[in-house]
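Each value in this text was obtained by applying a stated rule to the coordinates, not by laboratory testing. No experiment lies behind these values; they were computed from the predicted model shown. Please note: Cβ atoms are built from the backbone with ideal geometry, for glycine as well, and neighbour counts cover all protein chains shown.
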Amino acid sequence: MNGMLWLFYKELMRFLKVGFQTVLAPIITALLFLLVFSHVLEDRVRVFENVPYTAFLIPGLMMMSIIQNAFANSSSSLIQSKVTGNLVFVLITPLSYFELFCAYVGAAVVRGVAVGAGVFLVAVSYVEVPVYNFWIVLTFAILASGILGSLGVIAGIWAEKFDQLAAFQNFVIMPLSFLSGVFYSIRSLPEIWQDLSRFNPFLYMIDGFRYGFFGQSDIPVAASLTLSTAAFAVLSIWALILLNRGYKLRQ
């Protein structure tokens with residue numbers, strides 16, 4: 001446990017020491033999205049009854065920030081360690097593959113939740129946002145961070161250079177997050193696109209998270225929670241198998 005906690009601490013310090021880049025910059029980016037979209041669409045779009053469009057945007061922007069930063073934390077740590085060659089100093093420790101997983105994903109959860117909370121604190125100074133159920137909000141924030149932290153471990157193990165990891169983020173994480181209902185409700189889409197959107201796993205994380213704020217969602221919150229939990233379980237098992245086998249790590 002001491003070894004795992006020290007690795008977890010090391011991962012925390014890795015992103016906190018450059019907090020302007022890893023925490024503040026994503027918050028500013030989300031705020032810019034909020035300012036632009038709210039200015040253009042506030043009086044033209046109404047998704048939920050009695051919920052201003054600007055308020056509707058905030059949970060989506062929070063979850064998008066959580067998703068992107070949780071993934072970036074675990075994936076960038078592994079690829080940096082592989083490229084610089086210092087991953088060997090982690091692998092020679094008596095830490096089990098489960099402890100490695102917990103340390104990397106745990107730090108990803110902390111960063112994801114911290115950025116999401118930062119976006120919320122800045123946004124509420126701009127518009128009032130109700131919180132219907134805090135525990136649902138927290139559950140989906142942690143669950144989404146865990147899912148993307150696990151996926152980041154998988155991507156970090158798979159990638160052999162920074163270009164491959166950047167391609168994964170730009171062509172997988174970014175499109176799935178933007179097309180998951182961050183800026184709109186899937187009910188506003190044509191029926192065929194609604195059906196296609198339901199194959200996007202990020203949709204359920206964002207929709208369940210938004211339910212925690214407004215008590216309204218496009219998909220039943222129980223279904224979103226079940227599917228998100230299943231996604232976390234599958235990705236966690238996959239990451240644990242790769243760590244246990246030392247795939248692309250012990251070469």
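For the chain, what does the relative contact order come out to in percent, with C-alpha contacts under 8 Å and a separation of six or more? It comes to 26 percent, rounded to a whole number. Ranking Pro52, Pro94, Gln194 by Cα position along the charge dipole of the chain, where only Lys, Arg, Asp and Glu carry charges on their C-beta atoms, puts Pro94 farthest toward the positive end.
Could you tell me how many degrees, from 0 to 90 and to the nearest 10, lie between the Cα long axis of helix 201-214 and the main elongation axis, the longest principal axis, of the Cα atoms of the chain? Helix 201-214 sits roughly 50 degrees off the main axis of the chain. Placing +1 on each Lys and Arg Cβ and -1 on each Asp and Glu Cβ, with no other charges, gives the chain a dipole about its Cα centre of roughly 760 debye.
Its DSSP H runs of at least 4 residues, each contributing -39,500 (n - 2.57), put the calculated 222 nm mean residue ellipticity of the chain at -23500 deg cm²/dmol, to the nearest 500. With q set to 0.07, 0.14, 0.17 Å⁻¹, the log10 of I(q)/I(0) for the chain, from the Debye formula over equal scatterers at the Cα positions, is -0.24, -0.90, -1.25.
When only alpha carbons are used to place a centre, region 108-152 and region 188-205 end up 22 Å from one another. Here region 83-228 is assigned +1 on the Cβ of each Lys and Arg and -1 on the Cβ of each Asp and Glu. Its dipole about the Cα centre then comes out at about 120 debye.
Under the criterion of Cα pairs below 8 Å and six or more residues apart, the relative contact order for region 176-223 equals 36 percent. Spacing of the modelled spin labels on Ala233 and Arg14, each 7 Å from Cα toward Cβ, amounts to 2.9 nm. This ranking places Thr84, Thr93, Thr139 by how few other beta-carbon atoms lie within 10 Å of each, fewest first, which gives Thr84, Thr93, Thr139.
Taking a straight line from the alpha carbon of Lys161, these lysines sit under 20 Å away, with near neighbours fewer than eight places off in the same chain left out: Lys82, Lys248.
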